[in-house]
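A.B. asks: Could you have a look at this structure, given as structure tokens, before my questions?
The values are calculated or read from the model by the stated rules, or taken from the named source; none is laboratory data. Note that the structure is predicted; figures quoted are calculated from it, not measured. Positions of Cβ are generated from backbone atoms using ideal geometry, with glycine treated the same way; all protein chains shown enter the neighbour counts. Quick note on the areas: whole protein, heavy atoms, side chains included, nothing else; ligands and nucleic acids left out. Shrake-Rupley method; radii C 1.70, N 1.55, O 1.52, S 1.80 Å.
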Amino acid sequence: MFGVFALLVLSRPGPDPAAGVPRMTEAAAAESVTAAARDAVVAARLERPAGGRTSMSCGSATGPPYRPVVHMTFALPEGNTVGYLNRVAADLVADGWADSGVVAEYFGKKLTRGGVIAVFYRNPERLDVATMRLSGECAVDAVTNEGVWTEIGDRLRAGS
């Protein structure tokens, strides 16, 4: 009897790691990261923002789960670009973003807010622009646009 009980307990599947994890629709995930990008443009008073959005697999290969990603650029003033990017970071922190404490690419900044991570730095190929990549949580099970970029520059510039 004990052997049967042990067999039943040991052969029971363990907890599903995805159970209880809220999943978003593709549209809701895309909107959350687009809204975060728009908020960053407004809060930091970014000039000439332009960008696109897609969904990317959270794994090393294609397949679920997916995260929404916005890749955008904005103008840098001539002169002290490091000081300018520090001011952008300070403006974002004042708007509720938190410093991640991790050094980002090209000696840039890495901030987080509400499940979105923003990494920004001076573009190494074009010194007159900075690049910001915002990525949302791995919260989408199926997407129709993996690797397909949607232009969102008009959404980023709305009202600026």
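A.B. asks: Restricting attention to the range 96-109, and to residues there that are open to solvent by 60 Å² or more (accessible area, probe 1.4 Å) and more than 14 Å from residue 132 (Cβ to Cβ), which single residue is modelled with the lowest pLDDT?
C.D. replies: 103
A.B. asks: Within the range 123-160, track down each residue that is touching a residue at least 24 places away in the same chain (Cβ under 8 Å) and in a helix (DSSP H, G or I).
C.D. replies: Matches in the range 123-160: 153, 155, 156, 157.
A.B. asks: Could you tell me which residue of the range 128-138 is surrounded by the fewest Cβ atoms within 10 Å (Cβ to Cβ), considering only residues that are farther than 14 Å from residue 59 by Cβ and hydrophobic (A, V, I, L, M, F, W, C)?
C.D. replies: 129
A.B. asks: Which is outside any helix (DSSP H, G or I), among the polar types (S, T, N, Q) and in contact with a strand residue (DSSP E or B) (Cβ under 6 Å, 6 or more places away or on another chain), of 73, 62?
C.D. replies: Just one listed residue meets the conditions, 73.
A.B. asks: Only residues that are outside any helix (DSSP H, G or I) and either in contact (Cβ under 8 Å) with a residue 60 or more places away in the chain or not polar (S, T, N, Q) (or both): list them for the range 76-99, please.
C.D. replies: Residues satisfying the conditions are 76, 77, 78, 79, 95, 96, 97, 98, 99.
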